[in-house]
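First comes the structure, then the notes that go with it.
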Amino acid sequence: MNTEFEARIPARGSHGPDRWEATRDAAVIYGIVAVALVVVVAASRAWLSRWSGYPVPPLDFPGSWFLEGWVRYDGGWYRDIVAHGYSYAVPGSQGNVAFFPGYPMVVWVAAQVIRSGTLAGIVVTFLAGLLAAILFHRWAHDRVDPKTARLAVIALLLYPYAWYLCGAVYADALFLACAVGAFLLVEADHPILAGIVGAMATATRPVGIALVVGLVVLTIERRGGFRRLRALRPADFGVVLSAAGLVSWSVYQWRRWGDPWLFVNIEGAPGWDQPAGARTWFKITFLQRLHHLVGWMNGAMNGTTVNGTRPGAEAAYTFSIVLQALCVVAAIGLAWVVWRRFGYGYGTYVVVVITIATIGTKDFLGTGRYLLAAFPLFVALAVVLIDRRAVRIVTLGISAVLLIVLTSAYSRGYYVA
């Protein structure tokens, strides 16, 4: 192990400040960021609505005057699932069966109390994001010193796509909370409970496949590695229960529509256009966009159209996917730090998350959001930045500005992740 990093690993069982203090710090950091983004969303809808992307009809629910900007794109699909359940009437077309049931189930339960499915979705995301931040801080707190752990929480919540943890009606916050919780339970030697919590995660996002792999490999690692598989106890196999969410969803789709992988196959529907295959895997669409970028930029400056397109919008979209591609590159670099610092259990989990995030998109759109699941990367980033003050300030400053800009754009209907 690199001696530069060894000093940052507290002895097992030595956690520095009281756990309550760590929980409080995470909650305060999350609260500050969440309140700031609520202000950004409300202000953007009030004063910047003339610069809007895809037209979004006004929504009517309690608090919609300042919260309405949190419900965009996939949020509409989740609202439909909560209100009407799953349906798939036209084979080959888009449908809400592409979205896993864990998040809408929780939102439906919350809606029975709140009496608004839309508001319930926002509240569930806020609460799940808060829980994710607290559990993430605890996970980091057990592996690095308190200062680095706090920096990791800040890095996570200032990540340019962290608005998905702060109110957006998407499933990412709930998945992250369940994923971190499952890993913590394995570390606390509760593999069966870890499997149950992990099952909720795999019922929430397709990236849950990475969680199943990560939990299994971490359990083996904790028992001495692959050369000592006989050291595994019967209870350790409880982590395999984490696959139950994904398996149940596949069985449901097979029984109802005859296709256990419908949630994958539907990605190729017109409008989504991301079927599994070489064109998606090798990012042909992304490369074509890079080829046209200069022309779109010139068209935007000259006020002309290019092949019937809006060059300004096309250039902005291309810049957004380039940013997400850069996030993938950074994640690959940090994955090596995770592997060395936290072991091959977490290293495997991170690598599988990055792989799923990358191969499932034709142009890197969505990878920025998917990488939120790879939470050890943010502790690795904190370790890299903690002793580099100037680099830390610049990195977090740029990230915070991008977070504000992208949150504002998302609230106004731009498709940025």
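The values are calculated or read from the model by the stated rules, or taken from the named source; none is laboratory data. It should be emphasised that the depicted structure is a prediction, and the values quoted were computed from it without experimental measurement. In this analysis, Cβ positions are derived from the backbone assuming ideal geometry, glycine residues included, and neighbour counts consider all displayed protein chains.
Here Gly208 meets each of (1) farther than 30 Å from Tyr414 by Cα; (2) modelled with pLDDT of 95 or more with one exception, condition (1).
Taking the numbered list (1) under 25 Å from the mean Cα position of the chain (by Cα); (2) in a helix (DSSP H, G or I); (3) not hydroxyl-bearing (Ser, Thr, Tyr) in turn, Asp236 passes all entries but (1). The set of residues in the range 257-275 being in contact (Cβ under 8 Å) with a residue 60 or more places away in the chain and either on the phi < 0 side of the Ramachandran plot or among the β-branched types (Val, Ile, Thr) (or both) consists of Trp257, Leu262, Phe263, Ile266, Glu267, Ala269, Pro270, Trp272, Gln274. Look at Arg138 and say whether it is outside any loop (DSSP other than H, G, I, E, B) and not hydrophobic (A, V, I, L, M, F, W, C). Criteria met by Arg138. Gly299 falls short of the stated requirement of being surrounded by 20 or more Cβ atoms within 10 Å (Cβ to Cβ), within 30 Å of Val144 (Cβ to Cβ) and touching a Ser or Thr at 6+ places or on another chain (Cβ under 9 Å). Of Val180, Val153, Val144, Val169, all but one fail to be in contact (Cβ under 8 Å) with a residue 60 or more places away in the chain, aliphatic (A, V, I, L, M) and in contact with a His (Cβ under 7 Å, 6 or more places away or on another chain); the exception is Val153.
The listed residues are Ala313, Ala330, and the only one of them that is touching a residue at least 60 places away in the same chain (Cβ under 8 Å) and surrounded by fewer than 20 Cβ atoms within 10 Å (Cβ to Cβ) turns out to be Ala313.
Of the helices (runs of 4 or more DSSP H) contained entirely in the range 350-417, those carrying at least 3 residues that are in contact (Cβ under 8 Å) with a residue 60 or more places away in the chain and not charged (D, E, K, R) fall at 376-385, 389-411. Scanning the range 73-110 for residues that are at pLDDT below 95 and β-branched (Val, Ile, Thr) yields a total of 1. Out of curiosity, is Arg289 of a type outside the set (Ser, Thr, Tyr) and either touching a Ser or Thr at 6+ places or on another chain (Cβ under 9 Å) or exposed (fewer than 14 other Cβ atoms within 10 Å of the Cβ) (or both)? Yes; evaluated as a whole, the condition is true for this residue.
Residue under question is Gly16, and the condition is that it be modelled with pLDDT under 85 and either touching a helix residue (DSSP H, G or I) at 6+ places or on another chain (Cβ under 8 Å) or buried (at least 16 other Cβ atoms within 10 Å of the Cβ) (or both); does it hold? Criteria met by Gly16. Which residues, taken from the range 141-170, are part of a loop (DSSP other than H, G, I, E, B) and in contact with a Lys or Arg (Cβ under 9 Å, 6 or more places away or on another chain)? Listed by number, the residues that qualify are Asp142, Arg143, Val144, Asp145, Tyr161, Ala168, Val169, Tyr170. Assessment of the range 248-259 against the conditions (out of contact with any Leu (no Cβ under 8 Å at 6 or more places or on another chain), of a type in the set (A, V, I, L, M), closer than 30 Å to Gly195 by Cα and exposed (fewer than 13 other Cβ atoms within 10 Å of the Cβ)) yields at least one matching residue. The residue list Leu127, Leu119 contains one member that is of a type in the set (A, V, I, L, M), over 26 Å from Ala330 (Cβ atoms), modelled with pLDDT of 95 or more and in contact with a helix residue (DSSP H, G or I) (Cβ under 8 Å, 6 or more places away or on another chain), which is Leu119. Inspection of the range 213-229 finds no residue satisfying the criterion of being among the basic types (Lys, Arg), touching a residue at least 24 places away in the same chain (Cβ under 8 Å) and within 19 Å of Leu130 (Cα to Cα). Looking only at residues in the range 383-417 that are among the charged types (D, E, K, R) and at pLDDT 95 or above, which one is surrounded by the most Cβ atoms within 10 Å (Cβ to Cβ)? So, considering only residues that are among the charged types (D, E, K, R) and at pLDDT 95 or above, the one surrounded by the most Cβ atoms within 10 Å (Cβ to Cβ) is Arg392. Filter the range 170-219 for residues that are more than 18 Å from the chain's Cα centre (by Cα) and among the charged types (D, E, K, R); which is surrounded by the most Cβ atoms within 10 Å (Cβ to Cβ)? Top of the filtered list is Glu187.
Within the span defined as the range 296-316, every residue fails to be within 30 Å of Phe375 (Cβ to Cβ) and either under 20 Å from the mean Cα position of the chain (by Cα) or modelled with pLDDT of 90 or more (or both). Can you tell me which residue within the range 44-63, out of those that are part of a helix (DSSP H, G or I) and either without any contact (Cβ under 8 Å) to a residue 40 or more places away in the chain or touching a Pro at 6+ places or on another chain (Cβ under 9 Å) (or both), is surrounded by the most Cβ atoms within 10 Å (Cβ to Cβ)? Top of the filtered list is Ala46.
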